[in-house]
Amino acid sequence: MNWKNEEGYKNLFNAYYNVLCNYAFKFLQNEMDAEDAVIEVFVHFWTNKNSISIEEGKLKSYLFSSVKNKALGLIRSGKIRDKHKQHYSEVLKSVSIDSSHDEDLFLFREALKRSVRQLPTKSREVYLLRTQNGLTFAEIADELNINRRTAENHMATAVKKLRILVKDTLKLFED
C-alpha cells in the first residue's frame, strides 16, 4: 500500500482508524483520549511522510507501536485524567517490548467482531448464544423456539461464514 500519496493515505486511515482507536482505548480507557491519540499519530504520520521509512510488511506494526507509544506517553505525561490512575499503572507495568503477537490477536478479535455483525440474524443469534452465553443447542432451541437440529445448522452456517469473513476482513489489515 502506497500511503505517501493522498489516496493511499485515505485508504490507510479508513482501514486502520477504528481498530487503532479500539487499541488505544485498551490503554487509555477513554474514547475521546483514544481518538485523540490515534488522530495525533495519523497527523504526525502524514506530516512526516517524507522522512518516515518503513520496511516492507512492517506498516501495521509501525501504526500499532506508534499508537501504543502515544497512549503510554499521554499516561506518563499526566495529560490523561487521574480517575484511571490504578489502571494506567497496571498498563505501564504489563506492556511488553514485543507486542506483535498482541497486535495480531487484537486484529483477529476485531475482525471476528466485525464478521459476527455481518452474519444472518438467526445464525448470529445462535452463534452468540453458544459462544458468549455457553448455551447448549437444546437450550438455544428452547430460547429461540426452533428445532435443536435447526440450531445446530445455524451454528454450522455461522462458523463457515465466519471463516470466510474473518479471512477477508484480516486482508484489510495486511501491509
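Every read-out reported here was derived from the displayed coordinates using simple, explicitly stated rules and does not represent laboratory data. The structure presented is a predicted model; accordingly, all values stated were derived computationally and were not measured. Here the Cβ positions follow ideal geometry from the backbone for every residue, glycine too, while neighbour counts run over all protein chains shown.
Quick check on the exposure proxy: order 43, 166 from fewest to most C-beta atoms within 10 angstrom.
Values: 43 10, 166 19.
Going from sparsest to densest Cβ surroundings: 43, 166.
Note on 3, 46: ascending count of other Cβ atoms within 10 Å places them as 46, 3, the fewest first. Overall, segment 115-174 carries a charge dipole of about 280 debye about its Cα centre when +1 sits on the Cβ of Lys and Arg and -1 on the Cβ of Asp and Glu, all other atoms neutral.
Across the alpha-carbon set of segment 1-62, the Rg to Rh ratio works out to 0.98, Rh being the Kirkwood radius. Each label was represented as a point 7 Å from its Cα along the Cα-to-Cβ direction; for residue 7 and residue 152 these points are 5.1 nm apart.
When 155, 32 are sorted by how many other C-beta atoms sit within 10 angstrom of their C-beta, beginning with the fewest, the order is 32, 155.
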